[in-house]
Structure formats: structure tokens, C-alpha cells
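Chemist: After the C-alpha cells below, expect a handful of questions from me.
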Amino acid sequence: MDELSRRIINQYQGGIPVVEHPFASMAEALGCQENTLISTLKALLGKGILSRFGPMYNSSCMGGGLTLAAMSIPEERFDQVAERVNSLPEVAHNYRREHELNMWFVIATETPEGIHQTIDKIERQSGIAVYNFPKTREFYLGLWLVLDQQGQVTTRSTDIPVHHEEALIDELDRKIIRATQQGLPLDPSPYSKIATQCGCDTETVMHRFQRMLNSGAVRRIGAVPNHYRLGLRSNGMSVWDISDDQLELLGNRIGGLDFVSHCYQRPRHMPLWPYNLFAMVHGHNPHEVNYKIQQISDLVGADCQQQNVLFSSRILKKSGLRLVA
């Protein structure tokens, strides 16, 4: 990886300010030409090294629905059911994991009611129960990948604040979201292009983005690296049965670990699923992931009754969340 690509990844995961010519500002900070920066971003996206560059929307702050769901699918029907589930636009990421619950997928809908409608549809089409694991508390979300000069990747936590209030989204906001769900236009004047598409002026688009950033409807506008392409090819969804009276304390501590990208409280589904804390851990291989999970185990100690780790063995679908149709 060339030096400019490495610096883009290292410096712009945390976001960029809302200015009329963001790529010119980035290029000045990086010591390169604007057209060189834009062409480099296009190459990183084309190679899959960046999953996207643009706003990261927070559906829970916009009145939408977002959940993690799982199914236990007989082996002989797995591919058939996966095809049906993946065909739904409400389904984003979908993974096969090694557990009785062997398919795990994210559902994002424009309204909270859409979650239940989507789950009902999947159950009707497949005849198989869907286990719903909505996030009931967010302890941490974010993972900053750091590339050294040899291209080796390490991880660290971020200090991006968590927003919980609901933002008021109107029809113009919805137009802007539609135009940028897949990323910011790689153009010297991206907000002007969005304004033309949405039928308003550039200043209004910039104002709306700043308002959504302030409310948490947009978590940040920046680079989203593909951790798999950068070498973190193993991920383990570690799950923990934590004493209820220690959940908040331990959830915050686990979320603060450099190698944890997501840390949420989710509901138990007894007797099959006794776990109430989910922490996603990434590594170069399963051995590294298990080593990190052992650190979590040491941290929770006797406050955890049981734990498990579900490794992903197959990516079934990986697309951006479509928050607005």
C-alpha cells in the first residue's frame, strides 16, 4: 500500500468537517493534489480496501428500526433460506456462524414496526423461527484500524461520542440520506452535487449534515476500512451471561478495550440463549481472537456465569444499510 493510501486510512476514519470543498482540505493536510486524493479514494473503494467513504447513519436516532436476528437452519435448507433472506433489501450484513443458531443477520428498516414485519415475512417464507436480538444498550461502537509503514494493521478504540436522542428527520433530510447512503460523491464539490440531486442549495445541504452530526443521526463522515481486506480475517462474536447488577460496569469496561468494535446489551432467549452481552472481536486469525477473548474473560471473572464465541465461517451478504427507500 502506498503512503498516501495508508495516511488516508489512518487519519480519516474519525470523520471530516462539513466544508464546501472537503477533499481540497484533506489534500492540503496530506500534502497532495485534490485530484490525486480523489483518484486514490476511488482506487481504495474499487479494490474494496475501503467499504465506503461518507456519512455513517445512525438509524436509532432517526426513528428507524435496527436489530440483529438469528435463525437455526437445517443444513439441507441453509443455502435456500440464505438466498431468500439475502433477497430482502432490509437485510444488510448476513453471516454464517458456528452454533446451533447458524445464520446471523442485521435488519434495518425505516420504522420500528418494519423490523417485526420483516421478521414475520422471513418466518412465513421459511417456516423457521427468527430470534430477535435488538440492542437494548450500547456500550461502545467503533474500531479504528491503524496501518504501519509495512501495511500491518493494529486496532485501537475511538472516542466518538454515543448519541441516544431521536433526531427530527424531514423530507429533505430523507432525500439527502437517499443520495448518500452509499457514500459521499467523490467530487471537488460533493455537497453541491447532492444539492442539485435534492433540489436545494449547497448551504442547505451542509447545514442539514451539520445538524444530523450534532444530533447523532450521522455518527461521522469519513473512511470505513474493510478490516477483512486489511488482514483482520477472523471475527468472533463473543457473548457473555453477565450478572445484571454488574452489566453496566462491565459493559463499559469491555467496550473500552482496543480490540472490541461493538459492545451491546441484547436480550436473552432462554433456554437456548442465556447471554445478555455481545462483544465483537477482530483478529488476524482465530488464535488471536481467542487470545483477546481470554482477556475479556479475565476481566469479567466470577460476574460471568457462562460465555461463548461464534466465529463467522462464511459471509452471506455484506451491503450498506438502506435506511430510506
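All of the numbers you see were taken from the coordinates with simple rules; none came from a lab. Small disclaimer: the values here were computed from a predicted structure and weren't measured. No Cβ is skipped: glycine too gets one built from the backbone with ideal geometry, and neighbour counts run over all protein chains shown.
Chemist: Please give the length that would be gained between Glu248 and Ile315 if that part of the chain were fully extended, namely 0.36 nm times their separation in residues minus their C-alpha to C-alpha distance (nm, one decimal). Please report the intermediate quantities before stating the final value.
Modeler: Numbers: separation 67, 0.36 × 67 = 24.12 nm, distance 3.13 nm.
Net length gain for the segment: 21.0 nm.
Chemist: Something else: Let me spell out the model: positive unit charges on the Cβ of Lys and Arg, negative unit charges on the Cβ of Asp and Glu, origin at the Cα centre of the range 2-115. What dipole size does that give, in debye rounded to 20? Please report the intermediate quantities before stating the final value.
Modeler: Numbers: 9 positive and 14 negative charges, 52 e Å.
Dipole size: approximately 240 debye.
Chemist: In whole Hz, what ³J(HN,Hα) sequence does the range 57-68 give by Karplus (6.51, -1.76, 1.60; θ = phi - 60°), x for Gly and Pro?
Modeler: Here the 3J(HN,Hα) series is 7, 10, 4, 5, 8, 10, x, x, x, 8, 8, 9 Hz.
Chemist: How about the range 35-85: which trypsin sites (Lys or Arg not before Pro) there are in a DSSP loop, with at most 14 other Cβ atoms within 10 Å of their Cβ?
Modeler: Numbers: sites: Lys42, Lys47, Arg52, Arg77, Arg84; in loops: Lys47.
Answer in residue order: Lys47.
Chemist: Now a separate question. What ³J(HN,Hα) values, in whole Hz, does the Karplus curve 6.51 cos²θ - 1.76 cosθ + 1.60 give for the range 176-185 when θ = phi - 60°, with x put for Gly and Pro?
Modeler: Karplus values, whole Hz, x for Gly and Pro: 5, 5, 4, 6, 10, 4, 9, x, 7, x.
Chemist: Sticking with this one: Quick check: residue separation of Arg233 and Lys42 times 0.36 nm, minus the Cα distance between them. What number comes out in nm? Write out the running numbers ahead of the final one.
Modeler: Details: separation 191, 0.36 × 191 = 68.76 nm, distance 2.30 nm.
Value of the extension gain: 66.5 nm.
Chemist: Could I ask something else about it? Can you give the extra length, in nm with one decimal, that the chain gains between Arg174 and Leu88 once fully stretched, where that is 0.36 nm per residue apart less the Cα-Cα distance? Intermediate results must be reported in sequence, preceding the final value.
Modeler: Numbers: separation 86, 0.36 × 86 = 30.96 nm, distance 2.07 nm.
Value of the extension gain: 28.9 nm.
Chemist: State, to one decimal in nm, how far the label point of Thr204 lies from the label point of Tyr131, with both points 7 Å from Cα in the Cβ direction.
Modeler: 4.8 nm
Chemist: Taking a ≥ b ≥ c as the square roots of the eigenvalues of the Cα gyration tensor of the range 173-225, is the shape rounded (a/c under 1.5), prolate (a/b larger than b/c) or oblate? Intermediate values should be presented prior to the final figure.
Modeler: On the way: a/c = 1.65, a/b = 1.16, b/c = 1.42.
Here the range 173-225 falls in the oblate category.
Chemist: Something else: Any idea what the dipole of the chain comes to, in debye rounded to 20, about its Cα centre with Lys/Arg Cβ at +1 and Asp/Glu Cβ at -1? Display every interim value, and only then the final one.
Modeler: On the way: 32 positive and 35 negative charges, 147 e Å.
Here the size comes out at about 700 debye.
Chemist: Show me 60-67, 298-305, 215-222 ranked by packing, highest mean number of other Cβ atoms within 10 Å first.
Modeler: 215-222, 60-67, 298-305
Chemist: Considering only DSSP states other than H, G, I, E and B, which trypsin sites (Lys or Arg not before Pro) in the range 263-323 qualify as loop sites with at most 15 other Cβ atoms within 10 Å?
Modeler: Arg268, Lys318
Chemist: Pop out the ³J(HN,Hα) list for the range 213-221 in order, Karplus 6.51 cos²θ - 1.76 cosθ + 1.60 with θ = phi - 60°, rounded to Hz; leave Gly and Pro as x.
Modeler: Values, residue by residue: 5, 5, 7, x, 4, 10, 5, 5, 10 Hz.
Chemist: Based on the alpha-carbon gyration tensor of the chain, what equivalent-ellipsoid semi-axes (square roots of 5 times the eigenvalues) come out, in whole Å, largest first? Please list the in-between numbers first.
Modeler: On the way: eigenvalues 217, 117, 73 Å².
Sorted largest first and rounded, they come to 33, 24, 19 Å.
Chemist: Now for a different question. Using Cα-Cα distances under 8 Å and only pairs 6 or more residues apart, what relative contact order does the chain have, in percent? Before the final figure, lay out each step's value.
Modeler: Working: 621 pairs, mean separation 87.4, N = 325.
About 27 percent, as a whole number.
Chemist: Can you give the FRET efficiency to the nearest 0.05 for Asn35 and Glu288, using r as the Cβ-Cβ distance and R₀ = 35 Å? Please report the intermediate quantities before stating the final value.
Modeler: Values: r = 39 Å, r/R0 = 1.11.
Efficiency computed from Cβ-Cβ geometry: 0.35.
Chemist: Continuing with the same structure: Near the amide H of His93, under 5 Å away, which other amide H atoms are found, from residues 5 or more places off or on another chain, if H is placed in the peptide plane?
Modeler: Excluding prolines and chain starts, which carry no amide H, the hits are Val106, Ser319.
Chemist: Right, another one. Per q in 0.10, 0.11, 0.13 Å⁻¹, report the Debye log10 I(q)/I(0) for the range 100-251, using one uniform scatterer on each alpha carbon and no solvent.
Modeler: -0.57, -0.70, -0.96
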